[in-house]
Amino acid sequence: MKHKSSRFYSKLSIGIFLALLCFFTFGQSSLDINWRENSSEITNNLIHEEEGENRLLQNKLNGFNSETVSLVSWNIQDLGRSKSSESIYEIANILRDFDVVAIQEVVAKDPAGAQAIAKIADELNRMGAKWDYQISNPTKSPSVYMSERYAFLWKTSKVTIVHKAYLDDDLKDLCYREPYIGAFRVKGKNEQFYVVNYHSRKYDDKPEEEIVHFINYPERFLSNKILIAGDFNLNERNKVWKPFYNIGFKSALNNEATTLKRTCLNGSYRNHDIDNIYFAAGIELITSGIVDFVKTCVALKGARKISDHLPVYLEFKVM
């Protein structure tokens with residue numbers, strides 16, 4: 001009896017051992033396969049997420065279509081000593097995806113205005129593309145308090161400047177701040193286009209009396225590849241533009257408020273539609289708009305430390 005019991009427990013021990021062996025051999029293999037499958041799925045998901053982020057980053061670095069040029073115009077209020085290093089960085093960050101930049105209201109009575117442009121260019125050069133710039137002399141205004149500088153900045157990989165930009169001496173006695181003119185050429189192409197950078201007198205001083213003289217630019221430049229960009233202190237519906245429209249000019253923006261209120265009213269922080277880009281028949285519009293760096297009423301106070309105007313832009317082809 002004792003012998004049979006011993007054999008029974010011996011067989012039972014062998015059976016338990018074999019069962020455990022099978023479990024650890026096949027069960028662990030199954031667990032390992034499942035773990036590997038799950039691990040592979042997680043890894044693939046991470047790779048896809050990283051690839052997606054890289055594509056988004058690449059799209060941002062590429063900016064606009066490689067076959068087109070993007071021009072942004074911005075009246076940066078009192079650009080000079082009033083701008084902190086944080087504001088300079090924010091300005092550069094807003095401008096970084098464009099190809100050509102036209103800036104108005106650079107302080108003239110103080111070297112800090114020209115220095116602010118140099119600082120913006122320096123920040124842009126830290127953001128992945130090579131930039132160059134030119135700054136105008138002070139405008140020949142009726143008063144030193146009206147006088148300002150203009151500036152152009154551009155991506156050297158996308159466009160070249162044909163010659164040194166210049167203030168329009170022909171209009172110095174007709175405008176409070178005569179326009180600043182730059183001729184550019186798209187890299188690898190022969191066609192050049194002109195950008196007229198302009199900040200008008202105040203609305204009450206009748207800016208249309210200045211603007212009317214711009215109708216002669218196609219004849220003066222012997223070109224219809226012209227963009228007139230800036231702060232006009234009147235909108236595109238003003239009758240002064242009718243002769244321009246009659247010869248093929250168009251406005252980049254329509255009914256688009258571009259200035260900032262001091263305080264939000266019923267959730268609205270935009271005010272007057274006075275900044276724009278007008279382009280002649282030799283320029284093909286691809287897209288246009290404003291760069292709303294404010295977005296919410298909560299951010300309005302901080303945004304106004306940068307400027308009381310929003311940038312306006314035009315993506316185009318030279319025809």
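With all pairs of separate Cα atoms included, the stretch 149-298 yields a Kirkwood hydrodynamic radius of 16.6 Å.
So how do HIS309, HIS213 line up by other beta-carbon neighbours within 10 Å, fewest first?
HIS213, HIS309
Its residue count N sets the reference 2.2 N^0.38 Å, and the alpha-carbon radius of gyration of the stretch 67-318 equals 0.94 times that reference.
As a quick test, which of the pairs LYS155/LYS305; LYS109/LYS130; LYS206/LYS239 have an alpha carbon distance above 18 angstrom in this structure?
Too far apart for the 18 Å limit: LYS155/LYS305; LYS109/LYS130.
What list do you get for THR139, THR263 if you sort them by fewest beta carbons within 10 Å?
Working: THR139 22, THR263 10.
Taking fewest neighbouring Cβ atoms as first place, the list is THR263, THR139.
Roughly how many Å is it from the Cα centre of the stretch 168-233 to that of the stretch 251-319, as a whole number? Result: 19 Å between the Cα centres. Each residue in HIS199, HIS272 was given a count of other beta-carbon atoms within 10 angstrom of its own, and listing them fewest first yields HIS272, HIS199.
Once R0 is set to 51 Å, what does the formula 1/(1 + (r/R0)^6) return for the Cβ-Cβ distance between TYR145 and SER66, expressed as a FRET efficiency to the nearest 0.05?
Working: r = 44 Å, r/R0 = 0.86.
Once the sixth-power term is evaluated, E becomes 0.70.
Does the stretch 225-303 come out rounded, prolate or oblate by the C-alpha gyration tensor, with a ≥ b ≥ c the root eigenvalues, rounded set by a/c under 1.5 and, if not, prolate when a/b is larger than b/c and oblate if not? Since a/c reaches 1.5 and a/b is larger than b/c, the shape of the stretch 225-303 is classed as prolate. Radius of gyration over Kirkwood radius for the stretch 275-319, both on Cα atoms: the Rg/Rh ratio is 1.15.
Rule-based calculations on the coordinates, nothing more; no lab input. On a predicted model such as this, the values are computed, not experimentally measured, just so you know. Every residue, glycine as well, gets a Cβ built from its backbone with ideal geometry; the counts of neighbours run over all protein chains shown.
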